[in-house]
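**Q** Take this structure first; my questions come after.
The values are calculated or read from the model by the stated rules, or taken from the named source; none is laboratory data. Just so it is clear, the structure is predicted and the values come from calculations on it, not from any experiment. Every residue, glycine among them, receives a Cβ derived from its backbone with ideal geometry; neighbour counts consider all protein chains shown. Remember, those area values only see protein heavy atoms, side chains included, never the ligands or the DNA or RNA. Shrake-Rupley method; radii C 1.70, N 1.55, O 1.52, S 1.80 Å.
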Amino acid sequence: MEAKKLTTKEKLQIPPVMMPQQDAHERVHNVNEVPLGYTVDMAQTEAQRCLQCKNAPCVKGCPVEIDIPAFINAILEGRNRESINTIKQTNILPAVCGRVCPQEEQCQKTCVVGKSNKDVAKAVQIGKLERFAADWEMEQGEAEVPVIKASTGKRVAVVGSGPAGLTVAADTRREGHDVTIFEALHKPGGVLIYGIPEFRLPKRIVMREVKNLQKMGVTLRTNYVVGKLSTIDELFDEGFDAVFVATGAGLPLFMHIPGENLNGVYSANEYLTRANLMQAYSFPNTDTPIARAKNVAVFGGGNVAMDSARTALRLGAENVYLVYRRSKKEMPARVEEVEHAEEEGVQMMLLQNPVKILGDQNGWVKEIECIKMELGEPDESGRRRPVAVKGSEFLTPVDVVIVAIGNASNPLVPSTTPDLAVNKWGNIVAAEETLRTSKKGVFAGGDIVLGAATVILAMGQGRKAARAINEYLKTGVW
Ligand code: FAD
Ligand code: SF4
Ligand code: SF4
């Protein structure tokens, strides 16, 4: 398409290009991806909305500082290869980030077009354009293997294969180091594989990135739990020169209310792992069962809660209630995910808090007791504190409860590495710029350092850690 030169005023008048998506009634009966992607014309129209700002505030809003105006301009001018190469200079997982980044809180929040329209939803759709560029590259076939420098003879162990671990593996391998990823599960990818459902992030995308790393010469050892099969000290004894710990925040938190040990109560992690990783929706064709329920209650208001609720619908539930103690405005989930959940029929029980889970005579969940809440003064997070309304308890019949109120750091590696300092939440303490820990040769990043965070923040830390590891292996200076 010949790009027509538009004035700023004309550009600001173009509405954001909506991405086509699967119809809500159809998609609850399948696990296929919901948003279907931009066509070339759609992407170029959306790219026209970018003002190519000189100071580009959007770039500061992206944790890995992608050159956003440059990649968007390349799309506008039909130079898609250049566009994806620009993105990949700082982000090795653009097809993932374009789909799951909380853009309205990051790059799009600071976009001048959104600000001029006084509505972040009307910002340039940076994430959707990033997905377009990444999907375009996938359609061209196999990705090019990046240049690997001559072997240094140094060995790097990466513990955990989520976005932080994958980033470090790529960036240290490119320097010529010998890299091995140790992963506890039978499939690599971390939350991208076992947590985020297929309908939001097709697994083939993650597997393609893992395959690219293997083509680069990275060794992958699955079913390998560091802290059980080898400790960090034993990895050094085996000849590794540096270790990057990226074991994530996989420890589910519970509400500690009566009835949480009843049959039919799942942590979101277990529920999603059964559904995503073990494909429990195909049971008995697969090995892992999952309780099929008519009425499901999900506790929580974040992305994990939305994923659990939408998965329960796809597993055939007739009523899925999302119980959240604040109002919709305070929900930490991405706006798009809340909208999708509502379109699909998830019933929001807002300003309500579960206080008890009741069981039947066989020990199975029968109903939940909730109390109504109202919003009081803001708390330390800046959000208005929910306060229980006395005497407003009520019962709702359900067969399955999914607790999705958050995750804590995985304790195994710190508990088997005595000289690795952790903070009061059990997160590994690491220097902000170098991600160096208290133990010589050990770096850490992602959720195990940040607490449950985001894909791009985990990758951003991976980037910094890889730079520091490469420097350490070159100079030997700690
Ligand atoms: P993880 O992705 O958690 O990977 C850690 C890996 O380490 C896992 O594979 C684990 O098996 C492995 N491991 C753990 N212990 C050991 C051990 N001892 N030995 C070997 N391997 C080990 N973020 C977003 O940006 N957008 C979203 O939409 C979004 N949705 C989410 C939905 C769900 C259901 C969940 C759970 C999280 C979501 N997040 C989202 C958060 C995001 O996925 C995480 O912040 C990110 O994956 C953290 O990356 P990581 O590399 O630190 O760890
Ligand atoms: Fe925005 Fe995430 Fe892409 Fe950065 S990586 S430009 S924050 S979508
Ligand atoms: Fe384009 Fe918005 Fe970035 Fe300006 S702030 S360069 S309009 S994406």
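**Q** For the condition in contact (Cβ under 8 Å) with a residue 40 or more places away in the chain, within 13 Å of ligand 3 (Cβ to nearest atom), open to solvent by less than 40 Å² (accessible area, probe 1.4 Å) and among the hydrophobic types (A, V, I, L, M, F, W, C), what is the one hit in Ile92, Ile126?
**A** On the way: Ile92 fails: within 13 Å of ligand 3 (Cβ to nearest atom).
Among Ile92, Ile126, only Ile126 is in contact (Cβ under 8 Å) with a residue 40 or more places away in the chain, within 13 Å of ligand 3 (Cβ to nearest atom), open to solvent by less than 40 Å² (accessible area, probe 1.4 Å) and among the hydrophobic types (A, V, I, L, M, F, W, C).
**Q** Can we say Val31 is touching an Asp or Glu at 6+ places or on another chain (Cβ under 7 Å) and within 14 Å of ligand 3 (Cβ to nearest atom)?
**A** Working: touching an Asp or Glu at 6+ places or on another chain (Cβ under 7 Å): yes; within 14 Å of ligand 3 (Cβ to nearest atom): no.
When the stated conditions are applied, Val31 does not pass them.
**Q** While we're looking at this one, here's another question. Could you say which residue among Val64, Val96 is within 16 Å of ligand 1 (Cβ to nearest atom) and not in a helix (DSSP H, G or I)? Show your work before the answer.
**A** Details: Val96 fails: not in a helix (DSSP H, G or I).
On inspection, the qualifying residue turns out to be Val64.
**Q** Hey, another quick one. Any idea how many residues of the stretch 409-427 are among the hydrophobic types (A, V, I, L, M, F, W, C) and either part of a helix (DSSP H, G or I) or outside the structural domain of Gly227 (by TED's automatic domain parsing) (or both)? Talk me through it step by step, then tell me what you get.
**A** Filtering the stretch 409-427 for residues among the hydrophobic types (A, V, I, L, M, F, W, C) gives 412-413, 420-422, 425.
Among the residues that remain, those that are also either part of a helix (DSSP H, G or I) or outside the structural domain of Gly227 (by TED's automatic domain parsing) (or both) are: 412-413.
Residues meeting the conditions: 2.
**Q** Here's a follow-up. Answer yes or no: is there a residue in the stretch 60-72 that is under 30 Å from Asp178 (Cα atoms), away from ligand 2 (no atom under 12 Å from the Cβ) and either open to solvent by 20 Å² or more (accessible area, probe 1.4 Å) or without any contact (Cβ under 8 Å) to a residue 60 or more places away in the chain (or both).
**A** No: zero hits.
**Q** I've got another one for you. Would you check which residues across the stretch 97-116 are within 8 Å of ligand 2 (Cβ to nearest atom) and more than 23 Å from Ile205 (Cα to Cα) and list them?
**A** Gln108
**Q** A further question on this structure: Taking the stretch 34-59 as the region of interest, how many residues are open to solvent by 30 Å² or more (accessible area, probe 1.4 Å), at negative phi and assigned to a loop (DSSP other than H, G, I, E, B)?
**A** Going through the stretch 34-59 one residue at a time, the tally reaches 6.
**Q** For the stretch 433-449, which residues satisfy the criterion of being of a type outside the set (A, V, I, L, M) and part of a loop (DSSP other than H, G, I, E, B)? Break it down into steps so the answer makes sense when it comes.
**A** First, the residues of the stretch 433-449 that are of a type outside the set (A, V, I, L, M): 433-434, 436-441, 443, 445-447.
Correct list: Glu433, Thr434, Thr437, Ser438, Lys439, Lys440, Gly441, Gly445, Gly446.
**Q** Here is a follow-up. Could you please give the count of residues in the stretch 104-143 that are more than 25 Å from the chain's Cα centre (by Cα) and assigned to a loop (DSSP other than H, G, I, E, B)?
**A** Just the residues of the stretch 104-143 that are more than 25 Å from the chain's Cα centre (by Cα), to begin with: 112-113, 115-118, 140-141.
Next cut, assigned to a loop (DSSP other than H, G, I, E, B) only: 117-118, 140-141.
Residues meeting the conditions: 4.
**Q** Another question, if that's okay. For residues in the stretch 101-116 being crowded, with 24+ Cβ neighbours inside 10 Å and within 12 Å of ligand 1 (Cβ to nearest atom), which is farthest from Gln52 (Cα to Cα)?
**A** Cys101
**Q** Output the number of residues of the stretch 74-89 satisfying the condition of being over 27 Å from Lys9 (Cβ atoms) and either more than 9 Å from ligand 2 (Cβ to nearest atom) or surrounded by fewer than 20 Cβ atoms within 10 Å (Cβ to Cβ) (or both). Walk me through how you get there before you give the answer.
**A** Quick first cut of the stretch 74-89, residues over 27 Å from Lys9 (Cβ atoms) only: 80-82, 84-89.
The next check asks that each one be either more than 9 Å from ligand 2 (Cβ to nearest atom) or surrounded by fewer than 20 Cβ atoms within 10 Å (Cβ to Cβ) (or both); those that pass are 80-82, 84-86, 88-89.
Here the count works out to 8.
**Q** In addition: Among (1) assigned by TED's automatic domain parsing to the domain that holds Lys88; (2) away from ligand 1 (no atom under 15 Å from the Cβ); (3) out of contact with any Pro (no Cβ under 7 Å at 6 or more places or on another chain), there is one condition Lys128 misses while meeting the rest; what is its number?
**A** Every condition holds for Lys128 apart from (2).
**Q** Take residues that are surrounded by fewer than 20 Cβ atoms within 10 Å (Cβ to Cβ) and tell me which of the strands (runs of 3 or more DSSP E) falling wholly in the stretch 152-267 contain 2 or more. Even if it seems obvious, please write down each step before you answer.
**A** Numbers: elements: 155-159, 178-182, 219-221, 242-245, 265-267.
The strands (runs of 3 or more DSSP E) meeting that bar are 178-182, 219-221.
**Q** When residues of the stretch 433-463 are filtered for being under 17 Å from Glu65 (Cα atoms) and more than 16 Å from ligand 2 (Cβ to nearest atom), how many remain?
**A** Counting residues in the stretch 433-463 that are under 17 Å from Glu65 (Cα atoms) and more than 16 Å from ligand 2 (Cβ to nearest atom) gives 1.
**Q** Of the residues Ala452, Ala458, Ala466, Ala430, which is under 25 Å from Ala184 (Cα atoms), open to solvent by 40 Å² or more (accessible area, probe 1.4 Å) and outside any strand (DSSP E or B)?
**A** Being under 25 Å from Ala184 (Cα atoms), open to solvent by 40 Å² or more (accessible area, probe 1.4 Å) and outside any strand (DSSP E or B) holds for just one of Ala452, Ala458, Ala466, Ala430, which is Ala452.
**Q** Looking at the stretch 353-366, is at least one residue under 30 Å from Lys60 (Cβ atoms), basic (Lys, Arg) and at pLDDT 95 or above?
**A** So in the stretch 353-366, the residues under 30 Å from Lys60 (Cβ atoms) come out as none.
Within the stretch 353-366, none of the residues are under 30 Å from Lys60 (Cβ atoms), basic (Lys, Arg) and at pLDDT 95 or above.
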